[in-house]
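Worksheet: one structure, shown below.
The values are calculated or read from the model by the stated rules, or taken from the named source; none is laboratory data. Given the structure is predicted, the values throughout are model-derived calculations rather than measurements. All Cβ positions, glycine included, derive from the backbone under ideal geometry; neighbour counts span all protein chains shown.
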Amino acid sequence: MTGVVRRDDLVAHLDDLLDVRSYRDHGPIGLHVVGADTVTQVAVAVSASLDVFERAGAAGAEMLIVHHGLWWDGQSQVVGHLERRRLETLFRHDITLLAYHLPLDGHDTLGNNAVLARLLGVVDPQPFAEHRGRLLGRFGTLAAPESASSIAHRLGAELGSTPVLFPGGAEQVRTVGIASGAAAGEVRSAAKLGLDCLVTGEPSEDTLYLAAELGVTVIAAGHNATETVGVRAVAAHLEERFRLPTTFLSVANPV
């Protein structure tokens, strides 16, 4: 039997669970657009887009939870043609839109980096990679040493992506740091900790050089791909806690 949950109760639960008050994000955290009063179906996705909004509506979702929301600091506050089409789609389907950016990177169990650490078999992961006053990444020791190419292959199979490998560290990886998304610069933090490898999302232009010069291998498994795991973990939590059916809206995004 599926559940029926009040929208405001779900929003309050997620805000509390993800500890939104402790983060200084790049845009609003949590509620972006108000939709139906009650929720019987939830969709999750990495990023807000017209395509995702249309697919959420087709799936019958009254709530959509994303990692990258509609609004960002420094963005124009004018609702132009792009924003209008997106909002009209949400309004037409009566969808509530929630966005959790940094909270869904840093959460101890549902966060992108915590989930990736579990997928990789990191033992007793610890926080690192400070951003806006919070340690968002996770680092630790693998249960058994493994080659960087094997880690990249295994991670790519889990995420459905094609990781790019930038050699720099030991051939056999023992210690690894994880910082999802656009966090290739955390190779410097990984080097300070003496880690063998950094797993991130997308590389920057200087990743090749920094990996070699700092002695830390970098595995870039895709910005989108490395941040699918957090929203999916939230979906699994809602299914278990509230008996709400959920749908993950995947996007074929190579970045």
| Looking at this structure, is residue 117 among the small types (Gly, Ala, Ser) and outside any strand (DSSP E or B)? | yes
| Of these, 202, 146, 158, which one is closer than 14 Å to residue 119 by Cβ, free of Cβ contacts under 8 Å to residues at least 60 places away in the same chain and within 17 Å of the chain's Cα centre (by Cα)? | 158
| Residues being among the small types (Gly, Ala, Ser) and either under 20 Å from residue 7 (Cβ atoms) or buried (at least 20 other Cβ atoms within 10 Å of the Cβ) (or both) - total across the range 61-77 | 2
| Criterion violated by residue 71 - all others in (1) farther than 21 Å from residue 244 by Cα; (2) modelled with pLDDT of 95 or more; (3) under 18 Å from the mean Cα position of the chain (by Cα) satisfied | (2)
| remark: Residue pairs qualifying under the 8 Å Cβ cut-off, at least six apart or on distinct chains, with the first in the range 175-196 being within 22 Å of residue 255 (Cβ to Cβ) and without any contact (Cβ under 8 Å) to a residue 40 or more places away in the chain and the second being assigned to a loop (DSSP other than H, G, I, E, B) and among the charged types (D, E, K, R), are 184/202
| Selection status of residue 84, under 30 Å from residue 56 (Cβ atoms) and either within 15 Å of the chain's Cα centre (by Cα) or basic (Lys, Arg) (or both) | yes
